[in-house]
1. Just to verify a result, which residue in region 85-112, among those that are within 17 Å of the chain's Cα centre (by Cα) and assigned to a helix (DSSP H, G or I), is farthest from the ligand (Cβ to nearest atom)?
2. Determine whether region 157-167 contains at least one residue that is within 11 Å of the ligand (Cβ to nearest atom) and either surrounded by fewer than 24 Cβ atoms within 10 Å (Cβ to Cβ) or of a type in the set (Asp, Glu) (or both).
3. Here are some residues: Asp341, Asp305, Asp350. Which one is open to solvent by less than 80 Å² (accessible area, probe 1.4 Å), within 27 Å of Ala17 (Cα to Cα) and either among the aromatic types (Phe, Trp, Tyr) or in a helix (DSSP H, G or I) (or both)?
4. Select from region 169-215 the residues that are away from the ligand (no atom under 16 Å from the Cβ), open to solvent by less than 10 Å² (accessible area, probe 1.4 Å) and in a loop (DSSP other than H, G, I, E, B) and list them in ascending order.
5. Please find, within region 69-84, the residue that is nearest to the ligand (Cβ to nearest atom) out of those that are assigned to a helix (DSSP H, G or I) and more than 21 Å from Thr134 (Cα to Cα).
6. Residues in region 80-89: is at least one more than 30 Å from Ala208 (Cβ to Cβ), open to solvent by less than 40 Å² (accessible area, probe 1.4 Å) and not assigned by TED's automatic domain parsing to the domain that holds Tyr321?
7. Please go through region 10-28 and give me each residue that is closer than 23 Å to Leu166 by Cβ and part of a loop (DSSP other than H, G, I, E, B), ordered by number.
8. Tell me which residues, restricted to region 258-273, are open to solvent by less than 40 Å² (accessible area, probe 1.4 Å) and either touching a residue at least 40 places away in the same chain (Cβ under 8 Å) or more than 21 Å from Leu349 (Cα to Cα) (or both).
Amino acid sequence: MSPMFVPGPVDVAPEVAQAQTRAMLPHRSPEFEAIFHACEQRARALFRTQYRVFLIAASGTAFQEACVRNLVTERMLVVVNGGFGKRWADVGRTNGKQVDVLEVPWGRAARPEQVAEMLQKARYDVLAVVHNETSTGVENPVRDIAAAARQVQPEIFICVDSVSGLAGAPLEMDAWGLDVVFTSSQKALALPPGLALAAVSDRALERAKEVPNRGWYLDFLRLEKHRLKDSTPSTPPVGLIYALDVQLDRIFQEGLENRWARHERMARMVQEWALARGFELFAEAGYRSRTVTAIVNTRNLDIGDVNRFLLQRGMRIASGYGPLKGKTFRIAHMGELQPRDFEFLFEALDEYLKKHG
Ligand SMILES: Cc1ncc(COP(=O)(O)O)c(C=O)c1O
C-alpha cells in the first residue's frame, strides 16, 4: 500500500476494502438489516452519543445541508475560519436562509467569547461550526464554543461538521451538548468515500417537526422512521456498510482514545519536522489539528513537483486549499497511517529538499 498523506480519501485497510466485495444483499432483507442495526448501534460510540446515527449514501456536505433544512426556519450563525465553514454559509444561503457569519482569519481558531458576542446581538436557530478545518489545519475549540453559546442562547441548536475530525480527534457529542455531529467515510474513519454519518439528538429531531420544507432525501423525520426499521428511505451503500462493520471492529480494537492519541502523536511529528526544516505552521499554536497540518510554503516549493517525486516512492501529500494553494501545503495524518509511515515520508521529503530546496 502506498501511503497517502492527503486529507481524504485516505488509504483503506485491505480487509476493509475486501469487505465491500462480499455478495450484495437486498437492503430490505433481514440479513442486511441485522448488519445495518449493528453498525448504527456501534457507530454511536464514535460520536460519544446515546442518540441515533443516520447512515446514508452521500458525502459529508449532505449533512451540512440537512442541518439547514431540518433546523433553520429563519436565521443561522456560521463560524467561518476556512473553506468548509465558508461552504456551510453558502449552503445556508442557497437554501434561502438568513445567514450571519462570524468571520475569523484563516489559520486562527474561533474563540468562545467571539461566538457569545455574536449570539448576544441576535437570536439564531442554529450555530454551525466546523470542528477541524481541513483547509487551514485548525481545530476549533468546539466544547468551549458550545458551552459559551448555551450560556447566551440555551435553546440554540449546535451543529458540528466533524468531517475530518471524527475518529481522529476528541469529540464528545453528549457531554458537550451538541445537537448534530456529522462526518464522511473517507477521512479519519478510513473508509472509501460515499457514506455520510450523522448523530442527531432527540431535541433536534423534535425541532425538525416544526420546520416546513425539509425536503425528502435529508429529512431527519423520514430518516428516523426508516432507521427504526434498521433501514434507510432509499438504497444505502451496501458495500460501504459491510466495510464500516469491519472498520468499526478495527477501530474499537485499537480503542477510540488510543486512535486519538495516535493521531496527535503523528501531528506532533509533522509539526516538528516542518519547524526543524525552517517552515512555519499555518495554524496558530494551541489549536493545531490532530488530523492534518497546513505548512506555510516558505521555501516556495512546487507541490506538483514534490508529488511527482514522492509518487515514485508511492507517497503523496496535498497542496493548499482554495486561496491557500501555492501558499501552503498539507500533510494529513489521519486514518490508518502509523508513526513509522512518517519516517519514510520525512526521509523522502528531506531528499527532495536537499536536491531542490
Ligand atoms: C471540514 C470538512 N467539511 C466538509 C467537507 C466536505 O466533505 P465531503 O466531500 O465528504 O462532502 C470536507 C471535505 O474535505 C471537510 O474537510
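The values are calculated or read from the model by the stated rules, or taken from the named source; none is laboratory data. Here the structure is a predicted model, which means the values were calculated and not measured. We place every Cβ from the backbone using ideal geometry, glycine too, and count neighbours over all the protein chains shown. Heads up: the accessible areas ignore ligands, DNA and RNA and are worked out on the full protein's heavy atoms, side chains in. Shrake-Rupley method; radii C 1.70, N 1.55, O 1.52, S 1.80 Å.
1. Only one residue fits best here, namely Ala89.
2. Within region 157-167, the subset within 11 Å of the ligand (Cβ to nearest atom) is 160-166.
Cutting the leftovers down to either surrounded by fewer than 24 Cβ atoms within 10 Å (Cβ to Cβ) or of a type in the set (Asp, Glu) (or both) gives us 161.
Yes, region 157-167 contains at least one residue that is within 11 Å of the ligand (Cβ to nearest atom) and either surrounded by fewer than 24 Cβ atoms within 10 Å (Cβ to Cβ) or of a type in the set (Asp, Glu) (or both).
3. Asp341
4. Met173, Asp179, Ser201, Val211
5. Step one: filter region 69-84 for residues assigned to a helix (DSSP H, G or I), giving 69-71, 83-84.
Okay, now just the ones that are also more than 21 Å from Thr134 (Cα to Cα), so 69-71.
Details: Arg69: 16, Asn70: 17, Leu71: 17 Å.
Applying the filter and picking the extreme gives Arg69.
6. Pass one, region 80-89, residues more than 30 Å from Ala208 (Cβ to Cβ): none.
No, that holds for no residue.
7. Step one: list which residues in region 10-28 are closer than 23 Å to Leu166 by Cβ, which gives 10-17, 19-20.
Those that are closer than 23 Å to Leu166 by Cβ and part of a loop (DSSP other than H, G, I, E, B): Val10, Asp11, Val12, Ala13, Gln20.
8. Keep residues of region 258-273 that are open to solvent by less than 40 Å² (accessible area, probe 1.4 Å), which gives 259-260, 262-263, 266-267, 270-271, 273.
Of everything in region 258-273, those that are open to solvent by less than 40 Å² (accessible area, probe 1.4 Å) and either touching a residue at least 40 places away in the same chain (Cβ under 8 Å) or more than 21 Å from Leu349 (Cα to Cα) (or both) turn out to be Arg259, Trp260, Arg262, His263, Met266, Ala267, Val270, Trp273.
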